[in-house]
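Bear in mind that the values in this text are calculations on the coordinates, not laboratory data. Please read all numbers here as calculations on a predicted model, not as lab measurements. Note: ideal-geometry Cβ built from the backbone for every residue, glycine included; neighbour counts use all protein chains shown.
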Amino acid sequence: MAGAGLSCAVIARELAEAGHRITVLEKRLHVAGNCHTERDPRSGVLVHVYGPHIFHTDDEEVWNLVNRYVTFRPYVNRVKATTGGRVFSLPINLLTINQFFGKTFSPSEARAFIESRADRSITEPKSFEEQALRFIGPELYEAFFKGYTLKQWEVDPKRLPASILKRLPVRFNYDDNYFFHRFQGMPEEGYTPLVQRLLDHPNITVHLGEGLAAADVARFDHVYWSGPLDGYYGFDEGRLPYRTLDFERFEGEGDIQGCAVMNYTDASVPYTRITEHKHFAPWESHERSVCYREFSRHCGPEDIPYYPVHLTEGDALLQRYQARARNERGVTFVGRLGTYRYMDMDVTIRAALDVARAALAG
């Protein structure tokens with residue numbers, strides 16, 4: 001296994017329980033990849049070291065799997081957004097609409113009002129901007145999405161696929177739950193214990209601080225590669241575009257911002273959001289607090305890749321790498337980086353289960 005994140009941990013466990021001996025090589029000094037959590041020694045706050053991760057899914061098997069290893073506590077993600085000097089609730093819901101436009105709409109009135117603002121000439125939205133203009137109109141798009149998207153991706157929203165915005169719901173009631181899945185929660189002890197316990201099997205050996213290169217593949221019967229797809233090939237055709245994140249950490253007494261996530265959607269604010277980590281574990285109580293200001297930028301060679309960048313016009317470089325990957329023998333590319341697609345944690349686990357079961361069936 002090249003990597004000790006969720007993908008390889010799930011595959012390793014499935015194969016180990018079937019009797020296979022597994023070696024996991026992880027270049028970092030901890031498991032769990034970007035889901036890694038640790039206790040801040042000063043405040044006791046459980047910190048999401050590489051930015052917050054919130055577990056949500058409709059996949060009951062995946063939900064049961066993660067709960068087999070750690071206890072998940074109920075958690076509802078209620079995001080706020082600061083725009084134009086005012087604070088609103090996200091995702092866009094009836095309260096957001098009424099506050100923003102100074103109205104007291106009922107659900108049906110709000111739906112009709114937003115439809116009247118929408119650009120109905122756009123019948124099949126292809127870009128992020130077209131999707132926004134078609135379904136929420138220019139005012140809400142400008143206030144909540146355009147500036148934030150420019151900061152997050154540094155790409156004109158006309159060049160981003162509509163699928164990015166399709167992940168964000170618009171509600172015509174007062175439901176401010178950011179997600180709509182049946183199962184939502186946070187692991188009581190954090191994500192790192194989840195991955196540690198997945199890897200805690202006599203047939204699994206984990207080596208931290210040790211990476212894997214393509215030249216090492218011949219040492220193993222089969223390799224599951226969760227690193228960057230282009231990295232496997234030494235970036236010999238060029239680097240695929242990723243976004244990385246920088247975190248400006250600050251601490252203080254008490255409750256600093258009153259919520260877990262505050263988005264800053266104005267383009268004039270350099271960061272995309274502030275996260276206050278103790279609010280991700282509302283069952284705990286801490287006198288001090290730890291916050292991250294989050295900045296998005298182009299991923300350089302020495303940076304941690306977070307988000308693959310997909311454009312409406314497609315990507316010939318990605319297609320070349322994918323064609324080579326399909327022809328590999330003895331290597332399976334997994335995870336967000338290995339498959340070069342954005343995946344939430346539950347989708348990552350489902351994909352890993354499918355890969356492991358296909359290997360065992362084959």
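Say R0 is 41 Å: what FRET efficiency, to the nearest 0.05, do Arg39 and Phe235 get from their beta-carbon distance? Efficiency for this residue pair is about 0.65.
Couplings for region 15-31, taken from phi via the Karplus curve 6.51 cos²θ - 1.76 cosθ + 1.60 with θ = phi - 60°, read 6, 5, 5, 8, x, 7, 8, 10, 10, 10, 10, 10, 6, 7, 9, 8, 8 Hz in order; Gly and Pro are left as x. Note that region 261-273 has calculated 3J(HN,Hα) couplings of 9, 10, 7, 10, 8, 6, 4, 6, 8, x, 9, 8, 6 Hz, one per residue in order, obtained from phi through the Karplus relation 6.51 cos²θ - 1.76 cosθ + 1.60 (θ = phi - 60°); glycine and proline are x.
Taking packing as the residue-averaged number of other Cβ atoms within 10 angstrom, the listed peptides 2-9, 56-63, 213-220 run from highest to lowest as 2-9, 56-63, 213-220.
In terms of packing, defined here as the mean over residues of other Cβ atoms within 10 angstrom, the peptides 124-134, 151-161, 301-311 line up highest first as 124-134, 151-161, 301-311. Relative contact order of the chain: 27 percent, from C-alpha pairs under 8 Å at least 6 residues apart in sequence. Kirkwood hydrodynamic radius computed over the chain comes to 22.0 Å, based on all pairs of distinct alpha carbons. Counting only residues at least eight positions apart within a chain, or on another chain, the lysines with an alpha carbon under 19 Å from that of Lys158 are Lys126, Lys146, Lys166. For Glu189, the residues whose modelled amide H falls within less than 5 Å of its own, excluding neighbours fewer than 5 places apart on the same chain, are Thr71. Rounded to the nearest Hz, the phi-derived 3J(HN,Hα) couplings of region 120-131 under the Karplus curve 6.51 cos²θ - 1.76 cosθ + 1.60 (θ = phi - 60°) are 7, 6, 8, 8, 10, x, 10, 10, 4, 5, 4, 4, where x marks glycine and proline. Working ranking of peptides 246-253, 341-348, 175-182, 274-281 by packing, defined as the average number of other Cβ atoms within 10 Å per residue, highest first, is 274-281, 341-348, 175-182, 246-253. Just to be sure I understand: with springs between alpha-carbon atoms less than 10 Å apart, which residue in Arg336, Arg239, Arg326 has the highest mean-square fluctuation in the Gaussian network model of the chain? Result: Arg326 has the largest fluctuation of those listed. Amide H contacts for Val290 (H built 1.01 Å from N in the peptide plane; partners 5 or more residues away or on another chain; cut-off under 5 Å): His277, Lys278. The alpha carbons of region 3-162 stretch over 61, 41, 32 Å along the principal axes, in descending order. Counting only the Cα atoms, region 92-166 fills a convex hull of 84 Å³ per residue.
Convex hull volume of the C-alpha atoms in region 140-219, normalised per residue: 247 Å³.
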